[in-house]
1. Distance from a point 7 Å along Cα→Cβ of residue 156 to each backbone N in the stretch 88-124: keep the residues under 20 Å and list them by number.
2. Quick check: pseudo-label points 7 Å beyond the Cα along Cα→Cβ at residue 72 and residue 178, how many nm apart are they?
3. Once both axes come from the Cα atoms, what is the angle between helix 2-29 and the longest principal axis of the chain, in degrees from 0 to 90, rounded to 10?
4. Going highest first, how would you order 98-104, 137-143 by mean Cβ packing within 10 Å?
5. Take peptides 88-95, 69-76, 157-164 and line them up by average Cβ neighbours within 10 Å, highest first, as a rough protection proxy.
6. At 222 nm, what helix-only mean residue ellipticity would the chain give, in deg cm²/dmol to the nearest 500, using -39500 (n - 2.57) for each DSSP H run of four or more?
7. For 154, 48, which order do you get if you count the other beta carbons within 10 Å of each Cβ and list the fewest first?
8. Consider the candidate values [x] 39, 32, 29; [y] 68, 41, 28; [z] 46, 34, 31; state which one is Cα extents along the principal axes in Å computed from the structure displayed.
């Protein structure tokens with residue numbers, strides 16, 4: 001009776017160690033980062049992983065082997081899905097989002113992107129369930145002359161709120177956010 005329990009315990013330990021090693025290995029290529037904004041009682045935190053360009057075509061047509069194809073849902077970072085937290089109700093791209101933590105997804109396009117706020121958090125970045133979406137909204141992009149090697153999220157203050165900027169390569173997707 002003891003032997004099966006011992007074998008079971010060893011298997012569990014090996015699996016846990018393998019999982020931790022795998023996560024450490026993948027995060028070494030796309031390290032975790034946190035972007036924070038705080039002003040006038042509004043606090044926003046984005047927790048994400050930062051993949052690198054590494055000379056690859058990032059945004060483009062699937063047939064051209066773009067890493068992030070146009071018109072396909074992207075986890076907006078690497079590894080686990082990006083999580084964005086709001087301490088109060090906000091308007092994201094003009095639509096109401098209640099205070100809480102959500103996963104952030106996008107659908108890149110050549111002239112506009114879609115931002116997606118999804119109720120599910122904690123999933124690996126490729127496990128997207130569109131049935132949990134609470135917001136899908138078009139957002140503007142801008143093209144910069146300089147190339148950002150690593151994906152970055154940062155905040156840019158505006159007169160009536162803040163823009164969450166999703167920057168990689170020469171593209172910046174602009175997610176407008178206002179306190180409600």
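1. 91-95, 105-116
2. Result for the modelled spin labels: 3.6 nm.
3. On a 0 to 90 degree scale, this one is about 30.
4. Details: 98-104: 17.9, 137-143: 14.1.
Listed from highest to lowest mean packing, they are 98-104, 137-143.
5. Working: 88-95: 16.1, 69-76: 18.6, 157-164: 14.4.
Result, highest mean Cβ count within 10 Å first: 69-76, 88-95, 157-164.
6. Working: 1 runs with 28 residues, N = 180.
Dividing the helical sum by the residues of the chain leaves -5500 deg cm²/dmol.
7. 154, 48
8. Correct label is [y].
Coordinate-derived values only; no laboratory data. Keep in mind that what you see is a predicted model, and the values were worked out from it rather than measured. No Cβ is skipped: glycine too gets one built from the backbone with ideal geometry, and neighbour counts run over all protein chains shown.
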